[in-house]
Structures are given as C-alpha cells and as structure tokens.
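Working notes for the structure below.
The values are calculated or read from the model by the stated rules, or taken from the named source; none is laboratory data. Just so it is clear, the model here is predicted, and its values are computed rather than measured. Note: ideal-geometry Cβ built from the backbone for every residue, glycine included; neighbour counts use all protein chains shown.
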Amino acid sequence: MCGILGYISAAPVSQAIFKRALDTISRRGPDAEGVQEFHTNGYQILFGHKRLSIIDLSAAGNQPMSDPANEYTIIFNGEIYNYAELRRELEKKGHSFKSKSDTEVLLRGYIEYGQDIVRKLDGMFVFAIFDKKRRVLTFARDHLGKKPFFYYLDGEKLIFSSELKAILEFPEIRKNITPNKMSILKFLVYGFIPSPNSIFTQIMKLEPSTTFQFDLNDWKIKNKHCYWDLERIKISEALSESEIIDRLDALVQKAVKKRLISDVPVGVFLSGGLDSSLISALMANCSKDVSSFTVAYTDYPGDEAVFAKKAADYLHIHSNIITFHAGDVRKYFFEMLDYMDEPSADPALVPLYFISKQAKNKITVVLSGDGGDEVFGGYSKHLAQAYAGRFKLPRKLIGALSFFTQNSTHRRFLEGLDLPCYGRQFFYGSGGFHPSEAMKLMKMDSVPIDEIFKEAKEYYLKFKQNDGINSSLYLDCKILLPDWYLAKGDSATMAASLEMRNPFLDKDLIEFVFSLAGKWKVRNCETKYILKKLACRYLPRENVYREKTGFAVPLQRWLFEVLDKDFRAILMDGPDNLFDMAYIEELYAAHRHNDKKNEFMLLRIFVLKYYLKRLNFI
C-alpha cells in the first residue's frame with residue numbers, strides 16, 4: 001500500500017513545501033519515496049509517492065513510474081489482484097515489461113485501453129496518470145472506495161492526495177479553507193461525512209467506482225462517470241439453496257486466495273466472530289502457516305478473545321492474542337484522533353490501530369472480515385428496516401411512544417419512523433443524532449431532511465431492484481462502507497504501515513450476492529442467513545450461530561472513567577461558534593444520571609470539537 005500526492009498549478013510551489021506535504025503521508029509508505037516534476041505550457045506538475053512494498057520489492061516497482069517513451073507517468077495506491085492476467089493480455093498485444101509490479105501493468109493497461117482500463121481492474125486502488133501529449137490527467141477510485149482520494153480544485157490549482165492532511169500542508173490552501181457546516185451536520189447524523197463532500201467546503205472526496213479526467217487545456221473536469229453498475233444487477237431465482245452455497249463457497253475461496261498474493265508476510269485479524277473466523281478458515285485451507293491477531297481486554301464482558309482462541313485452535317493456526325489495557329487507552333485514543341483526516345465517531349478505531357501496530361512487527365499484509373455485515377445483511381438495522389416500512393403512525397403518536405419507551409433500542413426504532421427509508425438506514429444502528437437534534441445542537445434553522453440525506457436519496461433512487469433488504473445493503477455498500485468502515489480501516493492500518501485486504505468485498509462475490517433476493521440474507525429475523533449456511537462447512541455450528549457482538553469496546557468506561565477529565569474538558573470547552581453549549585451539558589447530564597444513553601452522541605461532539613480545535617477552527 002502507498003500514498004500519493006499531486007500538485008498542478010501555474011503558480012509554482014517549492015520542492016521543500018511539496019516534500020513537507022509528502023512527508024505527512026509517510027506512514028502509508030515507509031519503504032521508498034519518489035518525486036517527479038513536469039512543466040507544460042506554463043503549468044508546474046509535481047507527482048509524489050510513498051511506497052509500502054508488497055509486490056516486487058525491487059526498485060523497479062518504485063513510483064512515480066513512466067513508460068520508456070516518457071509520455072505517461074503514474075502514481076498509484078493499492079493492489080491489482082488480476083495484474084498477472086492483465087499482464088499476459090497486454091503482452092499478447094505487444095507490450096513488454098521491466099518489472100514484476102502491478103503498477104507497471106496498470107500503466108501499460110492505460111496506454112492500451114485509456115480511461116476504460118478501470119473496467120478491467122479487480123482490486124483496491126486510487127491512481128493518477130498524466131498523459132503529457134494530450135495534457136490530460138486521469139484519476140480513478142476502486143469499486144467500493146477501499147482507498148481514499150481527496151482533492152482541492154480552484155481556478156488555478158489542483159491538489160490531490162491519499163490523505164487530506166497533505167493538502168492542508170500547502171500554506172495558501174490552509175489559510176483559505178473553511179469547515180463545511182452541512183458536512184458537520186451530516187457527521188452528527190451519519191457518524192461520517194458522505195462523499196463527495198469533506199469536512200471542508202473547498203476539499204472534495206472522489207466517490208467510489210468513479211473515474212474522471214482533468215484537462216489542462218481547458219482547466220476543467222471532464223468524462224466523470226461511475227464505471228460499475230451494481231445498482232443494475234437483476235435478481236436471479238434460478239439457483240437452489242445448495243447451488244447458491246456451492247457458488248458462494250467457490251467465490252469466497254477465490255476471493256481469499258487472490259488476496260494472499262504477496263512478497264511479504266500475510267496474517268489475519270481474528271475477532272472470534274463469524275466473518276473473521278470464516279476468512280481465517282479459508283486462509284488455513286490455502287496455507288499451513290497462518291498467523292491470527294486478536295485484541296483482548298481486561299475485565300470487560302464484551303471481550304471475544306476466548307472465542308478467537310477457540311477458532312484458532314480449531315483451525316490449527318497460530319494465535320496472537322494481545323491485551324489492550326486501560327492504561328493504553330489515552331495514548332492510542334489521541335494518537336488516532338491526531339492522525340485522522342476527518343472526524344470519526346467509531347471507537348473501534350482505537351483497538352484496530354493498537355492491534356495493527358502489534359501485527360506490523362510480524363506481518364505487512366492482513367486480511368479481515370470487514371464487509372460481511374454490509375454485503376450479507378448482518379446488522380439489526382437491516383431487520384429494523386424490514387419492519388419499519390409496515391408502520392404508518394402519526395408523528396405525534398410516534399413522539400409520545402418514544403417518550404414513554406424505556407428500552408433504548410425500541411425508542412430509536414420509533415424515533416426513526418418519521419424519516420424516509422434512505423434516512424432510517426443511517427439513523428438505525430449508528431447511535432447518532434436524529435436530524436432535529438443535530439440542528440438544535442448546531443443552532444441551525446430547519447434543514448430539509450432530503451438535504452441532509454441527499455447522497456442516500458440519490459443512491460436509493462438509482463437502485464433498480466424491488467427488494468427492500470438489497471436496497472438497504474446497497475446503501476451500505478455505496479455510502480457506509482467507503483466513508484465510514486473502510487475509511488476507519490484504512491486510517492488505522494495505514495497509521496501502522498500495514499495493508500489490510502477484505503475478501504468479502506471482492507467485486508465478483510458482491511455481484512453474485514446482489515443477484516440473490518434479500519430472503520437469502522435476512523430471513524425470519526435471522527441475519528446473514530446464507531453466509532451462516534456456508535460457514536457451517538468450515539466451523540463448528542456453535543461458533544456460527546452464537547449471538548453477534550461485533551468489534552465491541554468498553555466505550556462507557558473509556559469515556560467516563562479512563563478519559564473522563566480529557567473528555568469533559570474538550571466537550572465542555574466553550575462557548576464556541578458552532579454548538580449550543582447548554583444542549584451539550586443537557587446531553588451529558590442525562591447520560592450521567594442514566595436518563596438516556598448518549599455516549600455515542602457525546603463522542604461525536606467530542607471528536608468534532610477536538611478535530612476543529614486542533615486545526616484552530618473553533
């Protein structure tokens with residue numbers, strides 16, 4: 001895995017400033033560095049790259065990389081899993097290669113197929129290619145947005161990078177940007193900021209499965225389009241249950257096997273849950289030397305390390321169980337907050353960063369079970385969505401029932417009934433603010449619900465299947481995964497210079513799963529129905545069907561005991577120009593007095609305030 005940085009402008013920047021910006025992403029690529037400068041028709045173009053060597057460890061795989069005629073130059077972050085197949089195809093067309101790297105295959109593929117090369121790629125990637133003759137830059141992001149891409153564009157500058165912090169390092173950008181209030185409002189509701197917006201008004205994120213070109217001749221974006229039509233996949237009823245399981249088995253095996261391609265050691269994150277245990281089982285079928293890595297907590301009933309150890313023993317793989325002590329919390333909590341490009345309200349970032357740093361001592365690539373819930377229907381919200389559509393209650397009655405309901409899960413279900421289905425998707429299960437609460441916190445006049453859930457509505461209307469469960473999963477794949485869970489995974493692992501790969505997010509696998517009706521994912525209140533059937537081929541039944549807990553953390557103890565002074569100091573530091581301090585105090589007091597569980601809402605306020613204060617915006 002790597003980090004990329006590009007600067008294009010008629011106003012030249014010094015190599016020293018560019019190098020300083022490039023150094024901010026050095027954790028993504030500690031093994032090699034490259035910078036290349038071009039000048040064309042008055043424009044300065046700088047390409048920078050930080051390399052984490054995975055395939056072809058020689059210098060021949062270093063970037064920026066140009067073709068022999070020096071007409072095209074690429075910087076690329078990711079892995080192309082089908083690069084060997086593409087290489088053979090290109091060799092038949094007359095291309096020759098100097099390295100064994102997937103980077104050179106990608107560059108040669110662009111020379112042969114142009115922007116359409118994205119339709120042939122299987123992997124995780126972000127790349128920029130400069131065509132010197134045409135004076136055009138081509139950019140693309142992978143199908144599900146596993147790799148991040150931020151960019152700043154105005155009338156005279158285009159700056160892009162794997163991380164937002166690199167763009168902020170340019171003085172003229174840093175002093176002119178402002179926080180986007182609508183993005184902040186969305187963060188309070190979603191728990192993340194949906195692409196294409198970022199936390200700053202002037203900086204954007206490229207959407208998943210999207211490619212575009214930038215023409216220096218006209219100084220404008222052109223040919224921007226989505227190249228993967230997941231929303232147009234049709235449901236097939238042709239296969240029986242046993243045939244579906246057989247097909248699924250073959251696809252998951254293939255997804256795991258292709259992600260083991262590496263010239264450095266590979267391991268697996270094993271939580272003890274269904275998804276990571278199944279990935280570990282399939283890895284064990286491919287290799288006799290598999291190492292798993294698991295976080296354990298002290299004195300926490302949600303700790304799953306015992307289940308991870310049982311799974312590892314059953315599969316005969318080497319288990320590394322590493323204890324995360326209460327004394328570690330402050331160090332890793334704030335290290336991760338300082339590293340994040342945008343605020344993140346996911347406390348699982350902390351143990352994920354911790355275990356990544358420990359795993360890096362033994363491996364450079366790790367597989368995970370991420371994506372199993374979003375692809376196969378693993379969340380209680382998928383059940384909630386199935387039921388919510390059946391309720392038609394007046395808003396006043398919903399409010400009254402919510403007020404008198406003691407169960408927090410039931411209350412949240414009721415509070416979400418007045419939202420459109422594409423809004424409920426991100427309200428259920430997130431622990432965040434209802435839009436009305438977020439507007440109150442930010443002292444904002446009423447904002448239309450469809451403006452807050454703009455991206456969700458747009459994707460919802462694109463989806464062509466008449467299947468509520470699949471529609472719910474589609475929204476997760478297009479928004480939740482790239483902008484929350486994959487962003488979390490990328491940040492936590494890249495902060496430790498570790499590459500993470502996600503077999504459940506394999507393109508071919510997802511296309512097949514979306515051709516199956518929702519009943520194969522959620523059935524009779526059972527989540528991940530068909531995946532559990534498959535898992536029983538590899539794991540004991542009691543492992544497969546035990547109650548789901550997820551990657552839980554002792555958040556209550558962390559915030560209100562271990563981090564209490566820091567948490568309260570930042571939370572209550574005011575007044576500021578964004579938040580209603582009296583409302584924050586009300587939420588805090590209600591939680592402390594056990595009137596309402598507000599820890600996730602308070603965490604969102606905390607990380608927002610910490611992030612904006614660190615950058616001197618409040």
Q: Name the single residue, out of those in segment 410-464 being in a loop (DSSP other than H, G, I, E, B), free of Cβ contacts under 8 Å to residues at least 60 places away in the same chain and over 20 Å from the mean Cα position of the chain (by Cα), that is surrounded by the fewest Cβ atoms within 10 Å (Cβ to Cβ).
A: ASP445
Q: Any residue in segment 293-309 that's modelled with pLDDT under 70: show its pairings with residues that are surrounded by fewer than 19 Cβ atoms within 10 Å (Cβ to Cβ) and among the polar types (S, T, N, Q) at Cβ separation under 9 Å, as long as the two are six or more apart or on different chains.
A: GLY302/THR549
Q.
Going by what's in this entry, would LEU587 be described as closer than 16 Å to GLY431 by Cβ and buried (at least 16 other Cβ atoms within 10 Å of the Cβ)?
A. yes
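Yes/no matrix, rows are residues, columns are (1) free of Cβ contacts under 8 Å to residues at least 40 places away in the same chain; (2) under 25 Å from GLU437 (Cα atoms); (3) in contact with a Lys or Arg (Cβ under 9 Å, 6 or more places away or on another chain); (4) assigned to a helix (DSSP H, G or I):
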| residue | (1), (2), (3), (4) |
| --- | --- |
| LYS533 | no, no, no, yes |
| GLU542 | yes, no, no, yes |
| VAL553 | no, no, no, no |
| GLN556 | no, yes, yes, yes |
| ARG568 | yes, yes, no, yes |
| ASP576 | no, yes, yes, no |
| PHE579 | no, yes, yes, no |
| GLU586 | yes, yes, no, yes |
| LYS596 | no, yes, yes, no |
Q. For the subset of segment 98-138 comprising residues that are of a type in the set (Phe, Trp, Tyr) and either buried (at least 24 other Cβ atoms within 10 Å of the Cβ) or at pLDDT below 95 (or both), which member is farthest from ARG28 (Cα to Cα)?
A. PHE130
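Select from segment 352-376 the residues that are of a type outside the set (D, E, K, R), in contact with a strand residue (DSSP E or B) (Cβ under 9 Å, 6 or more places away or on another chain) and either in a loop (DSSP other than H, G, I, E, B) or at pLDDT below 95 (or both) and list them in ascending order. Steps first, answer last, please.
Residues of segment 352-376 that are of a type outside the set (D, E, K, R), as a first pass: 352-356, 358-359, 361, 363-369, 371-372, 375-376.
Narrowing the set further to residues that are in contact with a strand residue (DSSP E or B) (Cβ under 9 Å, 6 or more places away or on another chain) leaves 352, 354-356, 358-359, 363-369.
Matches in segment 352-376: ILE363, THR364, SER368, GLY369.
Tell me, yes or no, whether segment 31-38 has at least one residue that is within 30 Å of LYS254 (Cα to Cα) and in a loop (DSSP other than H, G, I, E, B).
Residues of segment 31-38 within 30 Å of LYS254 (Cα to Cα): 31.
Now restrict to residues that are in a loop (DSSP other than H, G, I, E, B): 31.
Yes, because at least one residue in segment 31-38 is within 30 Å of LYS254 (Cα to Cα) and in a loop (DSSP other than H, G, I, E, B).
Name every residue in segment 222-234 that is in contact with a helix residue (DSSP H, G or I) (Cβ under 8 Å, 6 or more places away or on another chain) and either free of Cβ contacts under 8 Å to residues at least 12 places away in the same chain or surrounded by 14 or more Cβ atoms within 10 Å (Cβ to Cβ) (or both), in order of residue number.
From segment 222-234, those in contact with a helix residue (DSSP H, G or I) (Cβ under 8 Å, 6 or more places away or on another chain) are 223, 227-228, 230-231, 233; that's our starting set.
Of everything in segment 222-234, those that are in contact with a helix residue (DSSP H, G or I) (Cβ under 8 Å, 6 or more places away or on another chain) and either free of Cβ contacts under 8 Å to residues at least 12 places away in the same chain or surrounded by 14 or more Cβ atoms within 10 Å (Cβ to Cβ) (or both) turn out to be TYR227, TRP228, LEU230, GLU231, ILE233.
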(Q) Please go through segment 90-113 and give me each residue that is part of a helix (DSSP H, G or I) and touching a residue at least 24 places away in the same chain (Cβ under 8 Å), ordered by number. (A) ASP102, THR103, GLU104, VAL105, LEU106, LEU107, ARG108, TYR110, ILE111
Q: Look through segment 55-83, keep the residues that are in contact (Cβ under 8 Å) with a residue 24 or more places away in the chain and among the aliphatic types (A, V, I, L, M), and return whichever of them is surrounded by the fewest Cβ atoms within 10 Å (Cβ to Cβ).
A: ALA59
Q) What is the one condition in (1) modelled with pLDDT of 95 or more; (2) crowded, with 19+ Cβ neighbours inside 10 Å; (3) β-branched (Val, Ile, Thr) that ILE469 does not satisfy? A) (1)
